[in-house]
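What follows is one structure encoded as structure tokens, with my remarks underneath.
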Amino acid sequence: MDRPMSNLHFKLMSFEFKFRDLFLPPKKKLNEVGIRPGFHILDYGCGPGSYSIAAAELVGNSGKVYALDMHPLALRLVQKAASRKGLRNIETICSDRPTGLEDNTIDVILLYDTYHELSDPDRVLEELHRITKPHSVLSFSDHHMKEDEILSEITKTNLFALSRKGKMSYLFLKA
């Protein structure tokens with residue numbers, strides 16, 4: 001993920017996600033994560049923001065969602081959706097790795113269908129580890145990877161340890 005995909009490719013992907021979200025609503029996946037009001041969440045590689053918007057509704061006004069993506073069009077779509085729904089607890093971050101967030105501030109990280117695209121995944125995991133609070137959750141899914149790859153990749157740096165496998169994602173805890 002050294003550079004953003006073309007606008008056309010991004011728009012096609014976003015269109016596909018609209019259909020995905022009809023059959024598998026983002027809140028259904030997020031419910032297994034245990035998100036509560038007041039949580040601070042990072043949606044890393046947020047794309048058009050399906051999970052960011054759902055997470056913002058779950059954390060309520062006392063929580064915060066950071067939607068990070070390297071594609072400016074992604075962030076515009078997140079901002080537009082948040083505005084349309086009256087959500088004021090979403091902040092967008094344009095980046096390919098550094099979050100700009102302070103140490104130990106995030107309760108949950110959503111890392112969905114992004115990992116396989118990362119050019120330096122170990123550095124991303126280091127950044128995610130840095131910003132998470134103790135006992136924070138990394139909710140991970142990537143349909144481009146097999147289970148053994150996922151477990152090996154996320155745990156090899158000893159920054160995160162598998163907590164449990166949910167129906168739709170793997171839940172890792174900050175080690």
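The values are calculated or read from the model by the stated rules, or taken from the named source; none is laboratory data. A quick note: this is a predicted structure, and the numbers were derived from the prediction, not measured. Every residue, glycine among them, receives a Cβ derived from its backbone with ideal geometry; neighbour counts consider all protein chains shown.
Worth pointing out:
- Test result for ARG36, at pLDDT below 95 and surrounded by fewer than 19 Cβ atoms within 10 Å (Cβ to Cβ): no
- Checked against (1) at pLDDT below 95; (2) among the acidic types (Asp, Glu); (3) surrounded by 23 or more Cβ atoms within 10 Å (Cβ to Cβ), ASP43 passes all but condition (1).
- Of everything listed in (1) surrounded by 17 or more Cβ atoms within 10 Å (Cβ to Cβ); (2) in contact (Cβ under 8 Å) with a residue 60 or more places away in the chain, the single unmet condition for MET5 is (1).
- Picking from residues in the stretch 37-96 that are touching a residue at least 24 places away in the same chain (Cβ under 8 Å) and of a type in the set (Lys, Arg), the one that is farthest from LYS133 (Cα to Cα) is LYS85.
- Note on the stretch 46-84: among residues that are in a loop (DSSP other than H, G, I, E, B) and out of contact with any Asp or Glu (no Cβ under 6 Å at 6 or more places or on another chain), the one that is farthest from ARG164 (Cα to Cα) is HIS71.
- Number of the exception - GLY49 against (1) surrounded by fewer than 16 Cβ atoms within 10 Å (Cβ to Cβ); (2) at pLDDT below 95: (1)
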